[in-house]
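**Student:** First, the structure itself, so that you have it in front of you.
The values are calculated or read from the model by the stated rules, or taken from the named source; none is laboratory data. Only a predicted model underlies this, so the values are computations on that prediction, with no experimental measurement involved. Cβ: placed from backbone, ideal geometry, glycine included. Neighbour counts: every protein chain shown.
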Amino acid sequence: MANEDMGGIKAQLRRWVQVGGPFLGLVLVCLFFAFARDEFGEPARESIFKAGNLKIVLVQTVVVGIGALGMTLVIVSGGIDLSAGSMVAFCSVLGARMIVGGSSPGVVVAVAVLAGAGIGLINGGAIAAFRLLPFIVTLGSMSIVRGAGKWLGKNQATSIPNDSGIAMVMKVTSPETLFPLPHGVWIMLALAAITAVGLRQSIFGRHIVAVGSNESTARLCGVRVRSVKVAVYALAGLFFGIAGVMQLARLTQGDPTVAVGLELDIIAAVVIGGASLSGGSGSILGAIVGALLMALLRNGTSQLGWANYVQEIIIGSVIVLAVGLDKWRQGRGRV
Amino acid sequence: MKSPLLAALALCCALMARAADSYTLAVIPKGTTHEFWKSIHAGAVKAQRELEKEGTKVRLFWKGPLREDDRDQQIQVVENFTSRRVSGIVLAPLDSQALVNPVASAKQSGVPTVVIDSDLKSDKQISFVATDNFKGGQMGGDHLAKLMGDKGSVLLLRYQVGSASTEAREAGFLDAISKHPEIKVISADQYSGATRELAYQAAQNLLNRYGSKVQGVFCPCEAVTVGMTKALQDRGLAAGKVKVVGFDAGEQSVKDLKGGDVQALVVQNPVHMGYLGVITMVRHLQGKPVEKRVDTGVSVATRDNMKQPEIDQLLNPPLKQYLDE
């Protein structure tokens, strides 16, 4: 009897960790910063837990956060997309060249985002049609798209005016208060809501989960696995395109060398958010919280003046911890 | 009723802090591993120690972008220290454009910025503290003319399109040479590209064509100096047969200077740059007027003067004295 009770509590705890894990992480990081001191022995909590700073953290989350939406879909489907950073750079360069060429902001956004979707379509097409490993295909396109970005940008950054319509999307105003938030933050939150509902409620969303959980079973159940895969990578490309526009807005320039290694930040956010790299499970809300957590870690350690290597070690540890938690809660299914 | 009281209290605190004359500065380089930035760091620490002696307490945060040369990460560092409300930021912007908005936001939040090393396309910074590259190029040109006995033919191998600092050096060099009528510039339209290897190839190609006619070359940066020297060595034109004036002191080019294959190096003073960056910021915070443009000086190092303490310090910056690593 007592054993059963223990088992019940354990199972409940596991369920709770699955849903609340990323939030728990966020709370732990906040607690950590509440007590951490800088190299001069002073706490930085007054500046870290200030409305204005929360706004900064949110703005710093936007590019990784929007990328994490696309990456969650890919990872839930059992794949991976390593070309995310290159796509962000490519789309930001494309957008910048078009703005300099005189296109209106609406056209620029549409073309840049569709370009991302197009590259994703090619990725997904290659993966589905030739049954290639997503890791290899996107490793290739990571380099191809990076190169294409440099070619498009003539090997240098293309600057756009600081006051162009696109740049306003990420502009931070009224530094003391949380509101008004830059449009980019609202766009991220809106996209996250739509994607979360879509992944959970729509037939397509359930198909993505099915393909990621067990591809052959999904096929036997009548899921058109190849079409789902192509659509997932195209959709992910769309999100990376939007992230590229956000990056352009933030830098006020399209820089083909930006976002090197960004895909790893994005994947880390998704994993911290509770997704399993073996596919079949993942959470949009978790991914956003994961991105937020990493931005907060950087922001806080920066304000404490800690060396970069400390940040890198902490963020790495958090990722491993998150994967460990994931393994632990999955353990239930296997027993 | 409550909030004016609080405001008054805050004002008192601010005034007291003012009276104690203590500041927190964030010094933000482009990267942290390169020796040039370590020299800047050493200079900042030097300024901190001197200010301490005159009774001004300065706390320094030294923080580069998490990924070297990543503009977005540098923006994040600026934003984070703006949020921290440091007294001031000393920034070496990775890009003259991308860092404009963050510096403007910092100013809006009451955090002033001094820009060092590379210029920012903005009028929001307190001051720009950097090498006068045009003047450095001029000094290089005059020195090369002297080495050549005021006559002969020279080559200029340019660095890269769009690199503002080297373009200023190249312009300065051509300006100085134009005042020596007996000296002819036989090529000044070739660009090397970013790496030593590319510079080496470009120098080989140039010397293939002009090797027999040239008496002097000017190289606007470290990569070009090293590549050009290698190409001259290959053709047996080194060791002073063709005079070489380079720019910047790196390990290899200092070796070449010692060995006699490079006759002179125009060198910047990054320690002084870090030093003046911090000093300028603190003077501004103390309410003293500061110059909009501060020149941190260039010198010409030769084999003869490289042992003199003030030149030796530029070639081998005294990092150990200021940095505990």
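Matching residues to (1) free of Cβ contacts under 8 Å to residues at least 24 places away in the same chain; (2) part of a loop (DSSP other than H, G, I, E, B); (3) under 22 Å from B:Met148 (Cα atoms):
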| residue | (1), (2), (3) |
| --- | --- |
| B:Leu237 | no, yes, yes |
| B:Asp256 | no, no, yes |
| B:Val267 | no, no, yes |
| B:Tyr275 | no, no, no |
| B:Arg283 | yes, no, no |
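Condition check ((1) under 10 Å from the mean Cα position of the chain (by Cα); (2) under 19 Å from A:Trp151 (Cα atoms)) across all residues:
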site	(1), (2)
A:Val63	yes, no
A:Ser77	no, no
A:Ile80	no, no
A:Ala89	no, yes
A:Leu94	no, yes
A:Ile99	no, yes
A:Gly102	no, no
A:Pro105	no, no
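**Student:** Which of the numbered conditions does A:Glu46 fail, given that it passes all the others? Conditions: (1) farther than 26 Å from A:Ser143 by Cβ; (2) more than 12 Å from chain B (Cβ to nearest Cβ); (3) in a helix (DSSP H, G or I).
**Tutor:** It is condition (2) that A:Glu46 fails.
**Student:** Report, ordered by the first and then the second residue, all pairs with beta carbons closer than 9 Å, sequence separation of six or more or different chains, a first member in the range A:180-200 that is within 16 Å of A:Ile166 (Cβ to Cβ), and a second member that is among the basic types (Lys, Arg) and part of a helix (DSSP H, G or I).
**Tutor:** Short answer, once both residue conditions are applied: A:Pro182/A:Lys55; A:Gly184/A:Arg250; A:Val185/A:Lys55.
**Student:** Let me ask something additional. Filter the range B:84-98 down to residues that are of a type in the set (A, V, I, L, M, F, W, C) and within 7 Å of chain A (Cβ to nearest Cβ), then give me how many there are.
**Tutor:** Filtering the range B:84-98 down to residues of a type in the set (A, V, I, L, M, F, W, C) leaves B:86, B:89-92, B:94, B:98.
Pick out the ones that are also within 7 Å of chain A (Cβ to nearest Cβ) and you get B:98.
Number satisfying all stated conditions: 1.
**Student:** Pick from the range A:145-172 the residues that are in contact with a Ser or Thr (Cβ under 8 Å, 6 or more places away or on another chain) and within 12 Å of A:Phe90 (Cβ to Cβ): which of them is nearest to the other protein chains (Cβ to nearest Cβ)?
**Tutor:** So the residue we want is A:Lys150.
**Student:** Kindly indicate whether B:Lys243 is of a type in the set (Lys, Arg), buried (at least 21 other Cβ atoms within 10 Å of the Cβ) and touching a residue at least 24 places away in the same chain (Cβ under 8 Å). Let's see the steps before the verdict.
**Tutor:** Working: of a type in the set (Lys, Arg): yes; buried (at least 21 other Cβ atoms within 10 Å of the Cβ): yes; touching a residue at least 24 places away in the same chain (Cβ under 8 Å): yes.
It is true that B:Lys243 is of a type in the set (Lys, Arg), buried (at least 21 other Cβ atoms within 10 Å of the Cβ) and touching a residue at least 24 places away in the same chain (Cβ under 8 Å).
**Student:** Moving on. When you look at B:Ser109, is it within 21 Å of A:Gln60 (Cα to Cα) and of a type in the set (S, T, N, Q), yes or no?
**Tutor:** On the way: within 21 Å of A:Gln60 (Cα to Cα): yes; of a type in the set (S, T, N, Q): yes.
Yes: the conditions hold for B:Ser109.
**Student:** Let me ask something else about it. Applying the selection to the range B:208-229, what residues are surrounded by fewer than 21 Cβ atoms within 10 Å (Cβ to Cβ) and either modelled with pLDDT of 85 or more or not in a helix (DSSP H, G or I) (or both)? Lay out the reasoning, then the answer.
**Tutor:** If we filter the range B:208-229 for residues that are surrounded by fewer than 21 Cβ atoms within 10 Å (Cβ to Cβ), which is where we start, we get B:208-213, B:215.
Within the range B:208-229, B:Gly211, B:Ser212, B:Lys213, B:Gln215 meet the criteria.
Matching residues to (1) in contact with a Phe, Trp or Tyr (Cβ under 7 Å, 6 or more places away or on another chain); (2) surrounded by 24 or more Cβ atoms within 10 Å (Cβ to Cβ):
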site: A:Phe23; (1), (2): no, no
site: A:Leu28; (1), (2): no, no
site: A:Phe32; (1), (2): no, no
site: A:Glu42; (1), (2): no, no
site: A:Arg45; (1), (2): yes, no
site: A:Lys50; (1), (2): no, no
site: A:Thr61; (1), (2): no, yes
site: A:Val64; (1), (2): no, yes
site: A:Gly67; (1), (2): yes, yes
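**Student:** Please go through the range A:291-310 and pick out each residue that is within 24 Å of B:Gly88 (Cβ to Cβ) and touching a residue at least 60 places away in the same chain (Cβ under 8 Å).
**Tutor:** A:Arg298, A:Asn299, A:Gly300, A:Gln303, A:Leu304, A:Gly305, A:Trp306
**Student:** Regarding the range B:173-192, can at least one residue be identified that is under 20 Å from B:Val298 (Cβ atoms), in the same structural domain as B:Phe247 (by TED's automatic domain parsing) and in contact with a strand residue (DSSP E or B) (Cβ under 6 Å, 6 or more places away or on another chain)? Spell out how you get there, then give the answer.
**Tutor:** Initially, the range B:173-192 is screened for residues under 20 Å from B:Val298 (Cβ atoms), giving B:173-180.
Those left that are additionally in the same structural domain as B:Phe247 (by TED's automatic domain parsing): B:173-180.
Subset that is in contact with a strand residue (DSSP E or B) (Cβ under 6 Å, 6 or more places away or on another chain): B:173, B:177.
Yes, the range B:173-192 contains a residue that is under 20 Å from B:Val298 (Cβ atoms), in the same structural domain as B:Phe247 (by TED's automatic domain parsing) and in contact with a strand residue (DSSP E or B) (Cβ under 6 Å, 6 or more places away or on another chain).
**Student:** Of (1) within 30 Å of A:Met246 (Cα to Cα); (2) touching an Asp or Glu at 6+ places or on another chain (Cβ under 8 Å), B:Val78 satisfies all except one. Which?
**Tutor:** Every listed condition holds for B:Val78 apart from (2).
**Student:** If you scan the range A:301-324, which residues turn out to be small (Gly, Ala, Ser) and either over 20 Å from the mean Cα position of the chain (by Cα) or modelled with pLDDT under 85 (or both)? Walk me through how you get there before you give the answer.
**Tutor:** Going through the range A:301-324, the residues small (Gly, Ala, Ser) turn out to be A:302, A:305, A:307, A:316-317, A:322, A:324.
Selection gives A:Ser302, A:Gly305, A:Ala307, A:Ala322, A:Gly324.
**Student:** In the range A:213-241, how many are farther than 30 Å from A:Val258 by Cβ and either buried (at least 20 other Cβ atoms within 10 Å of the Cβ) or of a type in the set (Val, Ile, Thr) (or both)? Lay out the reasoning, then the answer.
**Tutor:** Kept after step one, since they are farther than 30 Å from A:Val258 by Cβ, are these residues of the range A:213-241: A:213-228.
Then keep just the ones that are either buried (at least 20 other Cβ atoms within 10 Å of the Cβ) or of a type in the set (Val, Ile, Thr) (or both); that gives A:217-218, A:223, A:225, A:228.
Result for the range A:213-241: 5.
**Student:** Condition test on A:Gly79, is it away from chain B (no Cβ under 14 Å), more than 23 Å from A:Val310 (Cβ to Cβ) and in a loop (DSSP other than H, G, I, E, B)? It would help to see each step written out before you state the result.
**Tutor:** Working: away from chain B (no Cβ under 14 Å): yes; more than 23 Å from A:Val310 (Cβ to Cβ): yes; in a loop (DSSP other than H, G, I, E, B): yes.
Taking the combined requirement at face value, the residue satisfies it.
**Student:** Return the pair list, or none, for Cβ contacts closer than 7 Å from residues in the range A:245-262 that are under 12 Å from A:Val62 (Cβ atoms) and polar (S, T, N, Q) to residues that are surrounded by fewer than 24 Cβ atoms within 10 Å (Cβ to Cβ) and at pLDDT below 90, at least 6 apart or on different chains.
**Tutor:** A:Gln247/B:Asp72
**Student:** From the set of residues in the range B:71-83 that are in contact (Cβ under 8 Å) with a residue 40 or more places away in the chain and under 15 Å from A:Gln311 (Cβ atoms), which is farthest from the other protein chains (Cβ to nearest Cβ)? Before you say what the answer is, go through the steps one by one.
**Tutor:** First, the residues of the range B:71-83 that are in contact (Cβ under 8 Å) with a residue 40 or more places away in the chain: B:74, B:77-78, B:81.
Pick out the ones that are also under 15 Å from A:Gln311 (Cβ atoms) and you get B:74, B:77, B:81.
Values: B:Gln74: 10, B:Val77: 6, B:Phe81: 7 Å.
Only one residue fits best here, namely B:Gln74.
**Student:** Kindly evaluate A:Gly25 against the criterion of being modelled with pLDDT under 90 and in a helix (DSSP H, G or I).
**Tutor:** Working: modelled with pLDDT under 90: yes; in a helix (DSSP H, G or I): yes.
So A:Gly25 passes the test.
**Student:** Now for a separate question. Please count how many residues of the range B:49-69 are more than 7 Å from every other protein chain (Cβ to nearest Cβ), surrounded by fewer than 23 Cβ atoms within 10 Å (Cβ to Cβ) and either assigned to a helix (DSSP H, G or I) or in contact (Cβ under 8 Å) with a residue 12 or more places away in the chain (or both).
**Tutor:** Residues that pass the stated criteria total 13.
**Student:** What's the total number of residues in the range B:188-207 that are out of contact with any Lys or Arg (no Cβ under 8 Å at 6 or more places or on another chain) and not in a helix (DSSP H, G or I)?
**Tutor:** Residues in the range B:188-207 being out of contact with any Lys or Arg (no Cβ under 8 Å at 6 or more places or on another chain) and not in a helix (DSSP H, G or I): 3 in total.
**Student:** What residue, among those in the range A:273-289 that are out of contact with any Pro (no Cβ under 7 Å at 6 or more places or on another chain) and assigned to a helix (DSSP H, G or I), is surrounded by the fewest Cβ atoms within 10 Å (Cβ to Cβ)?
**Tutor:** Step one: of the range A:273-289, the residues out of contact with any Pro (no Cβ under 7 Å at 6 or more places or on another chain) are A:275-285, A:287-288.
Adding the requirement that they be assigned to a helix (DSSP H, G or I) leaves A:284-285, A:287-288.
Values: A:Ile284: 25, A:Leu285: 17, A:Ala287: 33, A:Ile288: 28.
Among them, the one singled out is A:Leu285.
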